[in-house]
Amino acid sequence: MQDMDKQEAQTAQQDAPVDQAAAEAVTAEPTVADKLVAAEARAAEMQDAFLRARAEGENIRRRAQEDIAKAHKFAIEGFAESLLAVKDSLEMALKIENASLDSLKEGVDMTLKQLSSAFEKNKLLEVSPQSGEKLDPMKHQAVSAVPAEQDANTVVAVLQKGYMISDRLLRPALVTVAQGK
């Protein structure tokens, strides 16, 4: 009988770890409360990430608006910088007391070259149609029609040059055109 009692005790001891492991497995499964806590923590993480992303988006939008404002404010900076040499030349010409007509003409010619260079560098292009060229209402403005020995609606004379900035018309060329025969 003692042998049987020993065997039953050993079997009970062997079964106990299995029952203990099953009990631990049951307690290892998350409870509803544990799942709720985990879900709340994840929701808090997601909300924090959302708020950070939204703040970053706002910062990017604000920086972009500041960059656009600076671009508008200083867009003319390069053009103004290239005109400074022209102004300096005109001021120096006025300081000369006993200038000859030839030296004044030469100074004005050099100043005009500086101004033309500034225009070219900043993509400010002349619109100066040639005589006989077809009238382009997108670039020319006819101020009068005169009798001429050329086709109707062609340029006879340019009264004032026009200007374009890149592909945009700044001022149309003022022209006279030929009347129809």
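The values are calculated or read from the model by the stated rules, or taken from the named source; none is laboratory data. Please read these numbers as outputs of a predicted model, since none were measured by experiment. Don't worry about glycine lacking a Cβ; one is built from the backbone with ideal geometry, like all the others, and counts go over all protein chains shown. To get the accessible areas, we keep the full protein, side chains included, count just its heavy atoms, and leave off ligands, DNA and RNA. Shrake-Rupley method; radii C 1.70, N 1.55, O 1.52, S 1.80 Å.
The residues listed here are K123, K105; of these, the one that is open to solvent by 80 Å² or more (accessible area, probe 1.4 Å), of a type in the set (K, R) and within 27 Å of D167 (Cα to Cα) is K123. Among the residues of the stretch 90-105, those that are aliphatic (A, V, I, L, M) and not in a loop (DSSP other than H, G, I, E, B) comprise L90, M92, A93, L94, L101, L104. Please indicate, with yes or no, whether at least one residue in the stretch 151-170 is in contact with a helix residue (DSSP H, G or I) (Cβ under 6 Å, 6 or more places away or on another chain) and either hydroxyl-bearing (S, T, Y) or open to solvent by 90 Å² or more (accessible area, probe 1.4 Å) (or both). Looking through the stretch 151-170, none of the residues is in contact with a helix residue (DSSP H, G or I) (Cβ under 6 Å, 6 or more places away or on another chain) and either hydroxyl-bearing (S, T, Y) or open to solvent by 90 Å² or more (accessible area, probe 1.4 Å) (or both).
Note on the stretch 47-98: residues that are farther than 30 Å from K113 by Cα, open to solvent by 90 Å² or more (accessible area, probe 1.4 Å) and among the aliphatic types (A, V, I, L, M) total 2.
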